[in-house]
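Below is one structure, written out as C-alpha cells, with a few remarks after it.
The values are calculated or read from the model by the stated rules, or taken from the named source; none is laboratory data. Bear in mind that the values here come from a model prediction, so they are computed numbers and not experimental data. Every residue, glycine among them, receives a Cβ derived from its backbone with ideal geometry; neighbour counts consider all protein chains shown.
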Amino acid sequence: MAEPDPICGVWQLDQWVEFRDGDPYVLDASGRIFYHPEGHVSAILTRQMDGADPLVIAYAGRWQREGDDVHHAVEHATVQRWVGTTLTRRVVEFDPTGDGRLLLRTPPETSRSGAEFFHDLIWVRAV
C-alpha cells in the first residue's frame, strides 16, 4: 500500500493574503481544510467584513495532487458557481516536518475593475 501524500490531514488557516496589483493585503480570516488520504477534501473559511456579517465560504469534494498543483473537484459549495468546477491551488511552500507550514496560491485573476489579483493561503497543521 502506498504512503499517503504528506499533505493529508487537518490544516488551520494561519494567514490569508490578497495581492491586488502587486500590493499585499492581509485579510481578517480563519478556517480549516481537511485532506483525506482517500481523496476527499472539505474546507471552511470565514472572512471578517468591515461592519457586516462575516463572509463564510465552504466547499467539499475530491482532491488530487499533480506536482506542485492541488486540484479540488468541487461537489458542494456555498459559492454555487464553484459546484462542478475544479479549483487549482499551487503549492508554493510546504514543510511536512518542522512547523508543517503549507502555502497555497490561487491562480491570478482580473477583477471587473481590471485589477489583477491572487491569494496566498498559509496553513499550519491543526493540533
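Of the residues making up region 4-37, those that are closer than 24 Å to residue 97 by Cβ, touching a Pro at 6+ places or on another chain (Cβ under 9 Å) and of a type in the set (Asp, Glu) number 1.
Residue-by-condition table, conditions (1) over 16 Å from the mean Cα position of the chain (by Cα); (2) modelled with pLDDT under 95:
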site: 90; (1), (2): no, no
site: 96; (1), (2): yes, yes
site: 99; (1), (2): yes, yes
site: 102; (1), (2): no, yes
site: 105; (1), (2): no, no
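Take the residues in region 56-75 that are surrounded by fewer than 14 Cβ atoms within 10 Å (Cβ to Cβ) and over 15 Å from the mean Cα position of the chain (by Cα), then tell me which one is farthest from residue 34 (Cα to Cα). Looking at residues that are surrounded by fewer than 14 Cβ atoms within 10 Å (Cβ to Cβ) and over 15 Å from the mean Cα position of the chain (by Cα), I get 67.
Residue by residue through region 93-110, note down the ones that are assigned to a loop (DSSP other than H, G, I, E, B) and touching a residue at least 12 places away in the same chain (Cβ under 8 Å). Even if it seems obvious, please write down each step before you answer.
Our first condition is that a residue be assigned to a loop (DSSP other than H, G, I, E, B); within region 93-110, this holds for 95-101, 106-108.
Within region 93-110, 96, 99, 100, 101, 106, 107 meet the criteria.
Residue by residue, here is whether (1) exposed (fewer than 14 other Cβ atoms within 10 Å of the Cβ); (2) out of contact with any Asp or Glu (no Cβ under 9 Å at 6 or more places or on another chain); (3) not in a strand (DSSP E or B) holds:
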residue: 34; (1), (2), (3): no, yes, no
residue: 42; (1), (2), (3): no, yes, no
residue: 48; (1), (2), (3): yes, no, no
residue: 91; (1), (2), (3): no, no, no
residue: 113; (1), (2), (3): yes, yes, yes
residue: 118; (1), (2), (3): no, no, no
